[in-house]
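Everything below concerns the one structure shown next.
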Amino acid sequence: MSVKNFWLSVRNLLKALRDGDLLLHVKADKYYIHVMYVFLLMWVSILLSLQVDKTLTKAGANKAAIEELRIHHTESEAALVKIKSASATEARLKRLGSQAQMPKEPATVIKRK
Amino acid sequence: MSQRQSEIKDTIENRDRIHVVTFFLSMVFLAMGIMIVVWIVKIQASYTVDDKVIGLFRPVVQKHVDTPVRGRILATDGRPLAISAPLYDLYMDCTVLKRSYQESGKDSLETVWQNKARELAVSLSRIFPEKSADGWVDAILTGRAKGSKYLKIRKNVDLETLRRVQAFPLYNEGAYRGGLIVEAHQERIYPYDSLARRVIGYVKEQNRIGLENSFDSELHGRDGYEWRRVTDDGSWVRDLDSTSVQVKDGNDIRTTLNVDFQDIADKALRAQIDADDDVRAGICIIMEAKTGAIRAMVNLSRGATPQTTLWERENLVLRQVGEQGSVMKTVTLLSLVEDGYVKTLEQTIPTNNGFVPNYNQDVHILDYQRETGRRDISVMHGFEISSNYVFTYLAETYYGKKPQEMFDHIYSYRLGEAFDFDIPGLGTPVVNRPDTPGWSKTTLGTTAYGYSISVTPLHIASFYNGIANKGTMMKPYLVESIEKDGKVLRKFEPSSLNESICSPATADTVTRALRAVVNTGTATRLKSAKLSVAGKTGTARVVLSANERGGSKDPYSDLSGRKKFQGTFVGFFPAEDPKYTILVTVYSYPSHRNFYGGTKPALAVREIVDKIYAIDPAWRPEIHPVGKTRQTTQEQ
């Protein structure tokens, strides 16, 4: 392309921009559906990305909640087994003035396992 | 000008214009190139990186390291013996918003904050009463005046307490306004406190002992990490485009320990030794006869002085290598019966006034002669009264010319070596054989009644378990499986140390002798136990350390005649069909008293046997219907 033709093209481009028919000049109407499709894909991509972020945030919060429950369960279990031991029970009964003691004879059962 | 000349002129003009444009463009590019080079040189030489600029170009991500949760140590029924949970240290930044209030010039805001701090102090005093409400107000406001950013509220609080604290006035407005600083750290919790602590062990920074140490590779798990990025709404989420390693929590260890048995043994032992200041320590082992599974292992000891409390300070069961005394007579008896030298327990030997050449006289034989008028004694009676003379005589008579034969037995009972155990550090026995420097002309006889040979209590318990198990000596073990979320990953089956230390007939014969010890011998305190017990007492003097001797030439006593004793009872129950093997040993400080195996250890064993009888499902009686029962249609 000569310099003359180049400047001519630039002039036509600016003129088409001024007149608002640039897209018609570049025959964008012919590729309209493709352009829209690209926009749709981009929109879906952004939407999915946001949804993924939302899901990951939710998963993180759930993980933290589960971890908290696990800790709570562990602490409760420790507290429970501490008071469940035979000597702890005996000591508690004694403190409360109970006459109950550990069994001295084995329990009678219907069928021994 | 001809047409030809005109064309040539146009062409030349045209070329000149192209040359001008090209030249102009090349100059522009050249200038740009120079500028770029100068810019690069400038950047390399003098440009300093502005973090704000870098921050704009750098994706907002951070590495998050996940620490694994340490696996649990469980009792045989699944009750937790050691578990991990985070504990929280609470601090307060007393200076929050102080500067911004000052800069705004609004004193009312500062007043509001301080009023809320007063409400906070009231709440804190309720949950942490070591300071009154006024005390907490004073601490917070003084901290605010002095610019304290790290006022300690309380260390090691649990999650529930943390949540309560976070709901207090001021703290419920978030860290930015309330100034609460929470620092979490993983902590090991032992719900049963001191129970079986030497077996379970502990973790303190890099120091570990017991199962916590020997199974650390299973319990520890594997660290993980992931990269996290910030989302549009400011949340941190995993960056799926980056690499990550999944954290792997530690596996659980299921032990063979029975918490109830451990509790019973611990309590029974304490009952015998806690009030006695002359007792330094007491141990107990309960082992399942058929498998070798350790159901309880107690290691209670005091510190250097009798005033210190009993605690699981050291693993004496594994590490107390010492002369065990008369409990070793069973080793001699088993060997004699197995070799056919003692054909029946009623076989007699001459009493010889309790004298064997080269050995000290056994004065108990003189008592026996006086009381019975006899000049012979049966092997059974010698065992019942635990006569040193009888076993010296038997050893010298039958093994005197071939001592290696007796020592071969000792090694076959695995009493000469440290076998593999789930907790490392089992003491190595010291055996004086004919080919070792410690051998003398009295070694054979003294070995026969439990001196000149040093073993651990675990060795002794394993040996007696072999007799209980009709000759099959099981390997003691503490861990039955490695688990993950309740699923068994690896199971450790029982194994034997020696498939046959003796024939079943020999085991039965020795069991009869052990039963006689309880019925009419040195352990009659166990005669009326709720289950029949077969076993042997042992009382041994313990060699004093140089400090304890204080210049005395006698290795067993100090200058004032004080001696250290260890009294042991070891046996199994029920004698007819043994289910458990038990050993209890009591160790004394140097004292003028004697500590016999038939006293405190036997009493502890009796309490343990009676209580196990009451709770073990094996001895629960079944209801048998009496009278008519309604028959079902099918039966009719």
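The values are calculated or read from the model by the stated rules, or taken from the named source; none is laboratory data. Because the structure is predicted, anything quoted here is derived from the model rather than measured. Cβ atoms come from the backbone with ideal geometry, glycine included; neighbour counts cover every protein chain shown.
Would you confirm whether any residue within region B:38-48 is within 27 Å of A:Ser2 (Cα to Cα), in a helix (DSSP H, G or I) and away from chain A (no Cβ under 14 Å)?
No, every residue in region B:38-48 fails to be within 27 Å of A:Ser2 (Cα to Cα), in a helix (DSSP H, G or I) and away from chain A (no Cβ under 14 Å).
This table checks each residue for (1) aliphatic (A, V, I, L, M); (2) in a loop (DSSP other than H, G, I, E, B); (3) crowded, with 22+ Cβ neighbours inside 10 Å; (4) out of contact with any Ser or Thr (no Cβ under 6 Å at 6 or more places or on another chain).
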position	(1), (2), (3), (4)
B:Arg515	no, no, no, yes
B:Thr522	no, yes, yes, no
B:Leu531	yes, yes, no, yes
B:Lys536	no, no, yes, no
B:Arg541	no, no, no, yes
B:Asn547	no, no, no, yes
B:Lys553	no, yes, no, yes
B:Phe565	no, no, yes, no
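Those residues that are within 13 Å of chain A (Cβ to nearest Cβ) and β-branched (Val, Ile, Thr), I need them from region B:238-250; list them, please.
Correct list: B:Val247 only.
Among the residues of region B:419-455, write down those that are assigned to a loop (DSSP other than H, G, I, E, B), within 30 Å of B:Tyr477 (Cβ to Cβ) and touching a Pro at 6+ places or on another chain (Cβ under 7 Å).
B:Phe421
Quick one: in region B:234-285, of everything that is acidic (Asp, Glu) and touching a Phe, Trp or Tyr at 6+ places or on another chain (Cβ under 6 Å), which residue is nearest to B:Gly224 (Cα to Cα)?
Looking at the filtered set, the residue picked out is B:Asp239.
Test of understanding: among B:Val626, B:Val570, B:Val584, which residue is out of contact with any Gly (no Cβ under 6 Å at 6 or more places or on another chain) and away from every other protein chain (no Cβ under 14 Å)?
Among B:Val626, B:Val570, B:Val584, only B:Val584 is out of contact with any Gly (no Cβ under 6 Å at 6 or more places or on another chain) and away from every other protein chain (no Cβ under 14 Å).
For B:Glu183, are the conditions met, namely being outside any loop (DSSP other than H, G, I, E, B), of a type in the set (Asp, Glu) and within 14 Å of chain A (Cβ to nearest Cβ)?
Considered against the rule, which asks whether it is outside any loop (DSSP other than H, G, I, E, B), of a type in the set (Asp, Glu) and within 14 Å of chain A (Cβ to nearest Cβ), B:Glu183 comes out as no.
Before we move on, is B:Leu257 within 30 Å of B:Val317 (Cα to Cα), of a type in the set (A, V, I, L, M, F, W, C) and under 17 Å from the mean Cα position of the chain (by Cα)?
Here the answer is yes, as B:Leu257 does meet what is asked.
Go through (1) in contact with a Pro (Cβ under 7 Å, 6 or more places away or on another chain); (2) away from every other protein chain (no Cβ under 14 Å) and name the single condition B:Ile253 misses.
Failing condition for B:Ile253: (1).
Could you check region B:221-237 and list, in sequence order, the residues that are closer than 10 Å to B:His64 by Cα and either more than 11 Å from chain A (Cβ to nearest Cβ) or acidic (Asp, Glu) (or both)?
Selection gives B:Gly224, B:Tyr225, B:Glu226, B:Trp227.
B:His624: assigned by TED's automatic domain parsing to the domain that holds B:Ala529, of a type outside the set (Asp, Glu), surrounded by fewer than 11 Cβ atoms within 10 Å (Cβ to Cβ) and at pLDDT below 90, yes or no?
Answer is no for this residue.
When residues of region A:60-86 are filtered for being among the β-branched types (Val, Ile, Thr) and at the interface with chain B (Cβ under 8 Å from one of its Cβ atoms), how many remain?
3
In region B:92-154, which helices (runs of 4 or more DSSP H) lie fully inside it and hold 3 or more residues that are free of Cβ contacts under 8 Å to residues at least 60 places away in the same chain and surrounded by 14 or more Cβ atoms within 10 Å (Cβ to Cβ)?
Result: B:107-127, B:133-146.
I'd like the full set of residues that are in contact (Cβ under 8 Å) with a residue 12 or more places away in the chain and either surrounded by 13 or more Cβ atoms within 10 Å (Cβ to Cβ) or in a helix (DSSP H, G or I) (or both), limited to region B:155-172.
B:Val157, B:Asp158, B:Leu159, B:Thr161, B:Leu162, B:Arg164, B:Val165, B:Gln166, B:Phe168, B:Pro169, B:Leu170, B:Tyr171
Quick check on my filter: what residues within region B:303-319 are more than 16 Å from the chain's Cα centre (by Cα) and touching a residue at least 24 places away in the same chain (Cβ under 8 Å)?
B:Pro306, B:Gln307, B:Leu310
Only residues that are surrounded by 24 or more Cβ atoms within 10 Å (Cβ to Cβ) and part of a loop (DSSP other than H, G, I, E, B): list them for region B:579-597, please.
Listed by number, the residues that qualify are B:Phe595, B:Gly597.
Surrounded by 24 or more Cβ atoms within 10 Å (Cβ to Cβ), hydroxyl-bearing (Ser, Thr, Tyr), touching a helix residue (DSSP H, G or I) at 6+ places or on another chain (Cβ under 7 Å) and touching a residue at least 40 places away in the same chain (Cβ under 8 Å), is that true of B:Ser335?
Yes, satisfied.
Name the residues in region A:87-113 that are facing chain B (nearest Cβ under 7 Å), more than 27 Å from B:Leu74 (Cβ to Cβ) and hydrophobic (A, V, I, L, M, F, W, C), would you?
A:Ile110
So, in region A:32-61, exactly how many residues are hydrophobic (A, V, I, L, M, F, W, C) and within 24 Å of B:Glu226 (Cα to Cα)?
Looking only at that region, the number is 7.
Just to be sure I understand, how many residues within region B:176-216 are surrounded by fewer than 15 Cβ atoms within 10 Å (Cβ to Cβ) and without any contact (Cβ under 8 Å) to a residue 12 or more places away in the chain?
5
Six or more apart or on different chains, Cβ atoms under 8 Å: show the pairs whose first residue is in region B:5-19 and within 13 Å of A:Ser2 (Cβ to Cβ) and whose second is at pLDDT 80 or above.
From region B:5-19, the pairs are B:Arg17/A:Val3; B:Ile18/A:Val3.
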